[in-house]
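The values are calculated or read from the model by the stated rules, or taken from the named source; none is laboratory data. Just so it is clear, the model here is predicted, and its values are computed rather than measured. Note: ideal-geometry Cβ built from the backbone for every residue, glycine included; neighbour counts use all protein chains shown.
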Amino acid sequence: MPVYLDHAATTPMRPEAIAAFTDALGLVGNPSSIHSQGQQAKRMLEEAREAVASTLGCDPIEVVFTSGGTEAINLAIKGLYWARNAGAARPRILAPGGEHHATVDAVEWLEGAEGARAQWLPLDPEGRILPGVVASALVPSSDVALLTFLAVNNEVGTIQPVAELAALARDAGVPVHVDAVAAYGHLPVSFADLGVDALSVSAHKIGGPVGIGALVLGRRSAVVPLIHGGGQQRQVRSGTQDVAAAVAFAAAALAAEAERVDEARRLAGLRDRLIRGVREAVPSAVLSGPEPARDGTDERVASNAHFVFPGAQGDSLLFLLDLAGLSVSTGAACTAGIPEPSHVLLAMGRSEQEARSALRFTLGRTSTEADVDALLAALPSAYAQAARAGLAERTPGSRSAATA
């Protein structure tokens with residue numbers, strides 16, 4: 001069987017989520033209908049909302065189901081921006097470099113279409129958002145529409161000081177959106193305790209189905225909706241709600257939360273072994289993000305190990321490992337088959353060459369010691385081959401260079 005080490009992209013559906021999903025698919029009834037079958041669907045939907053809310057430390061009414069993390073992020077960023085600019089000009093959006101493309105592209109769209117002004121905040125060399133940088137950017141706060149940032153960097157796994165950053169913005173009267181997609185299921189996520197205005201999550205990252213996520217929106221937070229229609233969810237998101245997906249999302253959320261602490265401990269052990277093994281197999285490999293810590297001060301999510309492999313293209317390594325039966329990720333976007341350097345690593349101050357030489361290994365519920373063994377067995381040969389190819393490409397007059 002292939003070895004799957006790309007759980008940050010998506011993770012297998014949990015058996016309990018599949019069972020809940022297939023059972024709910026047999027339900028007939030629109031949850032907005034007032035007849036008995038519609039009300040049965042509504043009851044199942046609202047029970048699912050309550051279950052998801054219980055794992056996010058919020059009230060059920062604050063959970064707005066969406067089509068996934070991308071829609072939730074767009075609704076939060078665009079909706080908060082429009083609401084904040086309804087009565088006064090507040091064009092500035094504060095966001096760190098290295099955010100997920102759902103955030104980057106939404107902010108850049110607002111710049112081009114709505115006159116927003118993005119202020120991309122620098123990261124430190126380990127991918128941290130520094131509170132002092134955020135505090136400085138909030139002065140003056142009168143023209144700031146919102147602050148948005150990742151709770152956990154989806155590429156290098158750095159855990160951010162969410163509550164501290166949110167407090168700075170709250171004191172300045174600036175609303176905060178947090179992309180918690182990469183944190184949910186791995187870290188405690190309490191909307192009430194974090195003190196943010198909006199928080200995005202996705203079901204398929206925790207073993208639920210693709211196609212559903214949620215925006216947690218505070219009772220007092222105002223957004224302008226992206227989608228207009230029946231106003232089914234607080235007039236924030238219109239459209240007939242997907243009961244079966246919501247039920248499956250709830251089943252996955254409850255299961256993930258029940259095992260979160262023990263699973264984080266298990267995955268941290270696998271992660272640390274993987275990191276040690278990669279360093280032994282490829283001594284030149286450089287870990288991106290914080291060093292692991294097992295004393296309660298870990299600033300790296302338990303599921304993530306991200307490396308730069310000097311002299312080798314990340315996409316070449318990915319394909320060679322794929323041929324060996326291992327699924328991993330470069331963590332970099334590709335457009336029309338042209339590999340782009342990781343914008344996250346560039347924001348962390350790495351060179352363009354380093355940003356093209358990265359691989360991300362991410363673990364999940366189905367990951368085992370045998371998976372780590374398989375990677376460590378295949379990596380030295382794959383790296384040697386990728387490094388030779390990289391050297392040939394950089395050598396003037398070589399066949400690779402001549403045909404590039």
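See the values below:
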read-out	value
Filter pass, residue 75 being touching a Leu at 6+ places or on another chain (Cβ under 7 Å), in a helix (DSSP H, G or I) and not basic (Lys, Arg)	yes
Residue within the stretch 45-59 that is over 23 Å from residue 192 (Cα atoms), part of a loop (DSSP other than H, G, I, E, B) and either over 25 Å from the mean Cα position of the chain (by Cα) or in contact (Cβ under 8 Å) with a residue 12 or more places away in the chain (or both) present	no
Leading residue by the ranking (farthest from residue 147 (Cα to Cα)) among those in the stretch 121-136 that are among the hydrophobic types (A, V, I, L, M, F, W, C) and in contact with a Pro (Cβ under 7 Å, 6 or more places away or on another chain)	123
Selection from the stretch 357-404 of residues that are closer than 25 Å to residue 153 by Cα and either among the aromatic types (Phe, Trp, Tyr) or modelled with pLDDT under 95 (or both)	361
Members of the stretch 152-174 that are of a type in the set (D, E, K, R) and part of a loop (DSSP other than H, G, I, E, B)	155
Residues of the stretch 25-63 that turn out to be over 22 Å from residue 255 (Cβ atoms) and of a type in the set (A, V, I, L, M), as a count	4
Answer from 109, 120, 82 - the residue that is surrounded by fewer than 24 Cβ atoms within 10 Å (Cβ to Cβ), within 19 Å of the chain's Cα centre (by Cα) and not acidic (Asp, Glu)	120
Any helices (runs of 4 or more DSSP H) falling wholly within the stretch 279-370 and containing at least 2 residues that are exposed (fewer than 15 other Cβ atoms within 10 Å of the Cβ)	314-323, 352-355
Close pairs from the stretch 13-39: first over 30 Å from residue 367 (Cβ atoms) and surrounded by 14 or more Cβ atoms within 10 Å (Cβ to Cβ), partner modelled with pLDDT of 95 or more and basic (Lys, Arg), Cβ under 6 Å, at least 6 apart	31/42
Conditions (1) in contact with a Pro (Cβ under 8 Å, 6 or more places away or on another chain); (2) surrounded by fewer than 24 Cβ atoms within 10 Å (Cβ to Cβ); (3) under 18 Å from residue 100 (Cβ atoms): number failed by residue 221	(3)
Which listed residue, of 264, 281, 293, is at pLDDT 95 or above and within 27 Å of residue 346 (Cβ to Cβ)	281
Some residue of the stretch 179-187 being buried (at least 23 other Cβ atoms within 10 Å of the Cβ) and of a type in the set (Val, Ile, Thr)	yes
